[in-house]
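Visitor: Just dropping this structure here.
The values are calculated or read from the model by the stated rules, or taken from the named source; none is laboratory data. None of the values given here were measured: they were computed from a predicted structure. Reconstructed Cβ throughout: ideal geometry from the backbone, glycine too, with neighbour counts over all protein chains shown.
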Amino acid sequence: MTHDPDCLFCKIAAGQIPSKKVYEDDQVFAFHDIAPWAPVHFLMIPKQHIPSMAAVEPQHAQLLGHMMTLAPKLAQQEGCNPYPEGGFRLVVNTGDEGGQEIHHLHLHVIGGPRPWKKG
């Protein structure tokens, strides 16, 4: 597994920088965003350093599948209502022009009750 010693997210996954952990296993680390956009907003990162979605290769398919199947479970655990009434949003910014600020692949999981929505 590759790591970048200068990468903020590699340091968070290694426990060198504190975070509010949501989940951890051998492949993935999830933690709350420090500037949330919604009642539920956390990041899922692979422990392996992959710079962006543009750097994903066929050997990453199992890892990305794991992250995608884990996202709904963690979203509900963190307070998103179940589908179809509830739900969540996944955002993957890729590269500078795509709004990526930290160059370590990460999924934003965003959701939770929206008090402004009439229903």
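Visitor: Please specify each residue of the range 74-94 satisfying the condition of being part of a loop (DSSP other than H, G, I, E, B) and over 16 Å from Phe9 (Cβ atoms). Give the derivation first.
Guide: We begin by selecting, within the range 74-94, every residue part of a loop (DSSP other than H, G, I, E, B); these are 78-87, 92-94.
Glu78, Gly79, Cys80, Asn81, Pro82, Tyr83, Pro84, Glu85, Gly86, Gly87, listed by residue number.
Visitor: Take Gly95 and tell me if it is surrounded by fewer than 14 Cβ atoms within 10 Å (Cβ to Cβ) and touching a residue at least 12 places away in the same chain (Cβ under 8 Å). Reasoning before the result, please.
Guide: Numbers: surrounded by fewer than 14 Cβ atoms within 10 Å (Cβ to Cβ): yes; touching a residue at least 12 places away in the same chain (Cβ under 8 Å): yes.
Considered against the rule, which asks whether it is surrounded by fewer than 14 Cβ atoms within 10 Å (Cβ to Cβ) and touching a residue at least 12 places away in the same chain (Cβ under 8 Å), Gly95 comes out as yes.
Visitor: Condition first: among the aliphatic types (A, V, I, L, M) and within 11 Å of Met67 (Cβ to Cβ). Now tell me which residues in the range 13-30 satisfy that.
Guide: Our first condition is that a residue be among the aliphatic types (A, V, I, L, M); within the range 13-30, this holds for 13-14, 17, 22, 28, 30.
Hits for the range 13-30 are Val28, Ala30.
Visitor: All but one of (1) modelled with pLDDT of 95 or more; (2) surrounded by 15 or more Cβ atoms within 10 Å (Cβ to Cβ) hold for Asn81, so report the exception by its number.
Guide: (1)
Visitor: Follow-up. What pairs come up if the first residue lies in the range 33-58 and is closer than 21 Å to Asp4 by Cβ and touching a residue at least 40 places away in the same chain (Cβ under 8 Å), the second is of a type in the set (D, E, K, R) and surrounded by 13 or more Cβ atoms within 10 Å (Cβ to Cβ), and their beta carbons are under 8 Å apart, counting only those six or more places apart or on different chains?
Guide: Between residues of the range 33-58 that are closer than 21 Å to Asp4 by Cβ and touching a residue at least 40 places away in the same chain (Cβ under 8 Å) and residues that are of a type in the set (D, E, K, R) and surrounded by 13 or more Cβ atoms within 10 Å (Cβ to Cβ), the close pairs are Leu43/Asp33; His49/Asp4.
Visitor: Which residues, counting only those in the range 21-54, are of a type in the set (D, E, K, R) and either within 19 Å of Val91 (Cβ to Cβ) or in contact with a Lys or Arg (Cβ under 7 Å, 6 or more places away or on another chain) (or both)? Talk me through it step by step, then tell me what you get.
Guide: First, pick out the residues of the range 21-54 that are of a type in the set (D, E, K, R): 21, 24-26, 33, 47.
Of everything in the range 21-54, just one residue is of a type in the set (D, E, K, R) and either within 19 Å of Val91 (Cβ to Cβ) or in contact with a Lys or Arg (Cβ under 7 Å, 6 or more places away or on another chain) (or both), namely Asp33.
Visitor: Take Gly111 and decide whether it is in contact with a Cys (Cβ under 7 Å, 6 or more places away or on another chain), in contact (Cβ under 8 Å) with a residue 60 or more places away in the chain and among the small types (Gly, Ala, Ser). Don't jump to the end; show me each part of the working.
Guide: Values: in contact with a Cys (Cβ under 7 Å, 6 or more places away or on another chain): yes; in contact (Cβ under 8 Å) with a residue 60 or more places away in the chain: yes; among the small types (Gly, Ala, Ser): yes.
Considered against the rule, which asks whether it is in contact with a Cys (Cβ under 7 Å, 6 or more places away or on another chain), in contact (Cβ under 8 Å) with a residue 60 or more places away in the chain and among the small types (Gly, Ala, Ser), Gly111 comes out as yes.
Visitor: I'm checking my understanding of the structure. Among residues of the range 95-117 that are among the aliphatic types (A, V, I, L, M) and part of a strand (DSSP E or B), which one is nearest to Ala13 (Cα to Cα)?
Guide: Leu107
Visitor: Considering the range 5-37 alone, what residues qualify as being acidic (Asp, Glu) and either within 24 Å of Lys73 (Cβ to Cβ) or surrounded by 14 or more Cβ atoms within 10 Å (Cβ to Cβ) (or both)?
Guide: Going residue by residue through the range 5-37, those that are acidic (Asp, Glu) are 6, 24-26, 33.
Residues satisfying the conditions are Glu24, Asp25, Asp26, Asp33.
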